[in-house]
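Right, one structure below, let's go through it.
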Amino acid sequence: MDIKNFLHQKKEKKQKIILLSIILSIIFLFVIIIFLIIKNYKKINHNIWDQIMIEWKIFSDNNFPVYTHKISNLETSFWLISSTVNLNNFVDKNLIINWEISELKNNKLPVLTIKDIKIPESKAIIRDNRYFFTNELISFDFSKDLDLSAEKTGRNINIYYQWEPILSMETFICSKITPTQNCEDMVMTYTKNLNEMFTTYLWYVFYKNKENSRVSLNDDTIGYVFKTFDNSVLLNISHLINIVNSKFIIDNKQDLIIEHCSDEEKNIKMKNIDGLSKEIVDEDLVKIKIVWLSAEWEDIECRLTIAIRNDREVKTSKVSYLQ
């Protein structure tokens with residue numbers, strides 16, 4: 001064997017190994033750098049575009065117009081700004097926040113714009129200064145006036161104007177066993193005094209109960225007792241009150257219900273909704289049951305669990321012929 005040629009080949013092989021090692025090292029370092037960038041980016045942004053299902057607290061930390069508040073938990077902090085919700089109403093409360101990024105400067109704390117707020121303790125959802133109390137199935141649309149706000153304390157939901165209480169509301173569950181909570185009898189009694197009741201443009205009826213006290217009903221399931229020092233206050237804000245009753249569900253969810261209460265395989269088609277029964281579920285969900293007579297004179301039942309706020313969301317659905 002030519003020793004010179006052998007040494008030359010050995011040298012070339014060594015150079016190739018070194019070159020390959022250098023290339024692999026560069027690739028490895030590149031991967032490590034990318035991983036650290038992504039990790040650091042996630043740490044900074046904390047999945048900003050996702051709903052963070054943990055509790056936060058809001059604090060005043062004004063640097064207007066860049067941000068007005070700061071949100072913190074045990075892990076991290078962000079700055080906040082909102083033009084649709086008065087954040088001062090939520091200072092020092094445990095909250096669940098759904099947000100979107102507003103701006104991010106020099107990799108410091110991002111400024112977030114709040115999309116909606118959930119208060120687990122009172123099961124309330126606030127978006128664009130609209131307060132929806134899911135247990136009570138009632139909402140208050142204060143989107144046109146940020147000086148108005150609502151808060152649940154104990155059994156009462158209190159309405160404030162510039163944090164001065166102007167109205168309180170308490171609920172009760174309708175019961176045919178308890179005379180004072182029999183909603184059917186209450187309506188018959190109240191309607192005898194037609195001049196003592198008024199109807200809003202959304203067709204909610206408010207009956208006079210006692211002095212400075214009015215009652216409205218959610219079908220035959222929930223009663224709402226409104227108390228105020230001045231009856232004109234309730235009259236003035238009654239158009240901002242939305243009760244999630246059967247009519248509300250039919251008016252707002254009719255297309256969705258008809259779609260999910262039809263079954264081509266079973267040849268079941270729903271054309272319109274005459275009435276439904278409902279059952280309150282946690283958060284903004286409600287179970288509804290509709291029974292109707294088909295063209296073939298067969299009883300058909302449809303059960304749905306729907307999200308009240310989300311226009312197109314159906315959690316569960318079942319359509320069947322009744323035996």
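Couple of notes before you dig in:
- Strands (runs of 3 or more DSSP E) within region 20-130 that include 2 or more residues closer than 30 Å to Asn242 by Cα and at pLDDT 65 or above: 52-63, 77-81, 95-103, 111-119, 124-127
- For region 128-159, a tally of residues being over 17 Å from Ile249 (Cα atoms) and without any contact (Cβ under 8 Å) to a residue 40 or more places away in the chain returns 12.
- Test: residue in region 193-201 that is of a type in the set (Phe, Trp, Tyr) and surrounded by 18 or more Cβ atoms within 10 Å (Cβ to Cβ): no
- Considering only residues in region 184-198 that are outside any helix (DSSP H, G or I) and under 18 Å from Lys227 (Cβ atoms), the one that is nearest to the chain's Cα centre (by Cα) turns out to be Phe198.
- Boolean, Ile280 is surrounded by 14 or more Cβ atoms within 10 Å (Cβ to Cβ) and modelled with pLDDT of 70 or more: no
Condition check ((1) modelled with pLDDT of 90 or more; (2) touching a strand residue (DSSP E or B) at 6+ places or on another chain (Cβ under 9 Å); (3) of a type in the set (D, E, K, R); (4) surrounded by fewer than 16 Cβ atoms within 10 Å (Cβ to Cβ)) across all residues:
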residue	(1), (2), (3), (4)
Leu146	no, no, no, no
Tyr161	yes, yes, no, yes
Ile166	yes, yes, no, no
Gln181	no, yes, no, yes
Met188	no, no, no, yes
Thr191	no, yes, no, yes
Glu211	no, no, yes, yes
Arg214	yes, yes, yes, no
Asp220	no, no, yes, no
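The values are calculated or read from the model by the stated rules, or taken from the named source; none is laboratory data. Given the structure is predicted, the values throughout are model-derived calculations rather than measurements. Virtual Cβ from ideal backbone geometry, glycine too; neighbours counted across all protein chains shown.
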